[in-house]
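Reading through the structure tokens given below for one structure.
The values are calculated or read from the model by the stated rules, or taken from the named source; none is laboratory data. This is a predicted model, so every value here is computed, not measured. No Cβ is skipped: glycine too gets one built from the backbone with ideal geometry, and neighbour counts run over all protein chains shown. For accessibility, only protein heavy atoms count, side chains too; no ligands or nucleic acids. Shrake-Rupley method; radii C 1.70, N 1.55, O 1.52, S 1.80 Å.
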Amino acid sequence: ESTEYMFDDDEDDIVTPARIISEDEDRNETKPKSNLKRHCTVINNPLLVTKRKADPEGKYILSTRIRLARSLEGIRFPTTMSRSDRRKVQRLIEECTTNFHSPHFSSGTYLPILSMSATENLNLIERHILFDNPNEWTIAAGLGRDWPDGRALYANVTDLAKQTPDFMIWVNEEDHLRIMCLRKGGDIQEVFTTLMNGVRELERELRLRNWQFAYDSRLGYLTSCPTNVGTTMRASVHVKLVNLGRLPNFMKLVESLRLEVRGKYGETDRENTGIFDISNSERLGKSEVHLINVMVDGVSKLIELEKRLEAGEDVDIDEIARN
């Protein structure tokens, strides 16, 4: 199927794939047309990203992490892919990352899991640089088959034992690729920009080798998990909301801001630390820049309410959530 790319005059980085209408489709113009919208990708246009700082004083946001999932067109998803497919993906990404040109990404380390010692593997997992080893759920889904054959990590540092990377690619975990940027502090816009620059670098190298990401013009980027389809982006911050997080209906307030909340230690966290993992709740039907802007505005509102509570004010979060 042929694909062309259309660029909006006002938003230069908005790329919307559009099918070239065939002669057969031309002859069927009388058929009712679908009202479903096409997915719109905004990779990174600085003019469209909000300039607002979620935590200008640097007191509340401990770290920022943004990740994307990507699948390669023509390769089965990890739940059903073969050992030879995994090895093919691993070799391809190694070749691509070895040829990165940007100074921020070119001096990196590509490390297959099979080449790691048990100590090194555990250390990288504990530092949140590497994905976990499979559990009973991922094994049941087929994601742990042939583990750790074909799995790998790329990180933009030369010495993983002594340095902490801020850009990483996970190869053949739950998706063919998980691409992420992680930094201390709350500069969400800078983390987003770094991530998108890395994605562009990888996509350029893939295209030079006649590969591309799996993409549907209506749904967006395709992934193993349906909840990630669309932008596949999860932008999150670890933020201290000691007072606000104790209030009843805190979760409802977060949801009203089109965000979702986890504990500090992720989906299985049961400890009330006062530190929360706040992220965008939407993936489908929105652009990446839109979701970043929603997140910045929402986290800014949560921090504003935390400050008011610290100052001794009464805060009616039910009223705020309704509005």
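Select, from GLU271, GLU267, the only residue that is modelled with pLDDT under 90, out of contact with any Leu (no Cβ under 6 Å at 6 or more places or on another chain), within 21 Å of ILE179 (Cα to Cα) and among the charged types (D, E, K, R).
Exactly one residue qualifies, and that residue is GLU267.
Which ones in segment 86-107 are touching a residue at least 24 places away in the same chain (Cβ under 8 Å) and either within 21 Å of ASP149 (Cα to Cα) or assigned to a strand (DSSP E or B) (or both)? Can you show your working first?
Initial filter on segment 86-107 (touching a residue at least 24 places away in the same chain (Cβ under 8 Å)): 86-87, 89-90, 92-97, 99-102, 104-105, 107.
Hits for segment 86-107 are ARG86, ARG87, VAL89, GLN90, LEU92, ILE93, GLU94, GLU95, CYS96, THR97.
Just to verify a result, which residue in segment 276-323, among those that are part of a loop (DSSP other than H, G, I, E, B) and not charged (D, E, K, R), is nearest to LYS59 (Cα to Cα)?
The first filter runs over segment 276-323 and keeps only residues part of a loop (DSSP other than H, G, I, E, B), leaving 281-287, 311-316, 323.
Within this subset, residues satisfying the condition of being not charged (D, E, K, R) are 281, 284-285, 287, 311-312, 315, 323.
Numbers: SER281: 24, LEU284: 32, GLY285: 33, SER287: 29, ALA311: 15, GLY312: 18, VAL315: 20, ASN323: 27 Å.
Selected residue: ALA311.
Can you tell me which of LEU62, LEU114, LEU124, LEU130 is assigned to a loop (DSSP other than H, G, I, E, B) and either surrounded by fewer than 18 Cβ atoms within 10 Å (Cβ to Cβ) or hydrophobic (A, V, I, L, M, F, W, C) (or both)?
LEU130
Residues of segment 209-245 being of a type outside the set (A, V, I, L, M, F, W, C), touching a residue at least 12 places away in the same chain (Cβ under 8 Å) and surrounded by fewer than 19 Cβ atoms within 10 Å (Cβ to Cβ), which ones?
Keep residues of segment 209-245 that are of a type outside the set (A, V, I, L, M, F, W, C), which gives 209-210, 212, 215-218, 220-221, 223-224, 226-228, 230-232, 234, 236, 238, 240, 243, 245.
This time we only want the ones that are touching a residue at least 12 places away in the same chain (Cβ under 8 Å), so: 209, 212, 215-218, 220-221, 223-224, 227-228, 230-232, 234, 236, 238, 240, 243, 245.
Correct list: ARG209, GLN212, TYR215, ASP216, SER217, ARG218, THR227, ASN243.
So, in segment 83-105, of the ones that are open to solvent by less than 50 Å² (accessible area, probe 1.4 Å) and over 18 Å from GLN212 (Cα atoms), which residue ends up nearest to the chain's Cα centre (by Cα)?
PHE105
Say we look at segment 151-172 and pick out the residues that are under 22 Å from the mean Cα position of the chain (by Cα) and small (Gly, Ala, Ser); which of these is farthest from GLN90 (Cα to Cα)?
Result: ALA155.
Quick one: would you say GLY198 is over 14 Å from the mean Cα position of the chain (by Cα), of a type outside the set (Asp, Glu) and either crowded, with 20+ Cβ neighbours inside 10 Å or assigned to a strand (DSSP E or B) (or both)?
In short, no.
Please specify each residue of segment 134-165 satisfying the condition of being part of a loop (DSSP other than H, G, I, E, B), under 20 Å from PHE77 (Cβ atoms) and not basic (Lys, Arg).
PRO134, ASN135, ALA141, GLY142, LEU143, GLY144, ASP146, TRP147, PRO148, ASP149, GLY150
Any residue at all in segment 166-174 that's assigned to a helix (DSSP H, G or I) and open to solvent by 50 Å² or more (accessible area, probe 1.4 Å)?
For segment 166-174, residues assigned to a helix (DSSP H, G or I) and open to solvent by 50 Å² or more (accessible area, probe 1.4 Å): absent.
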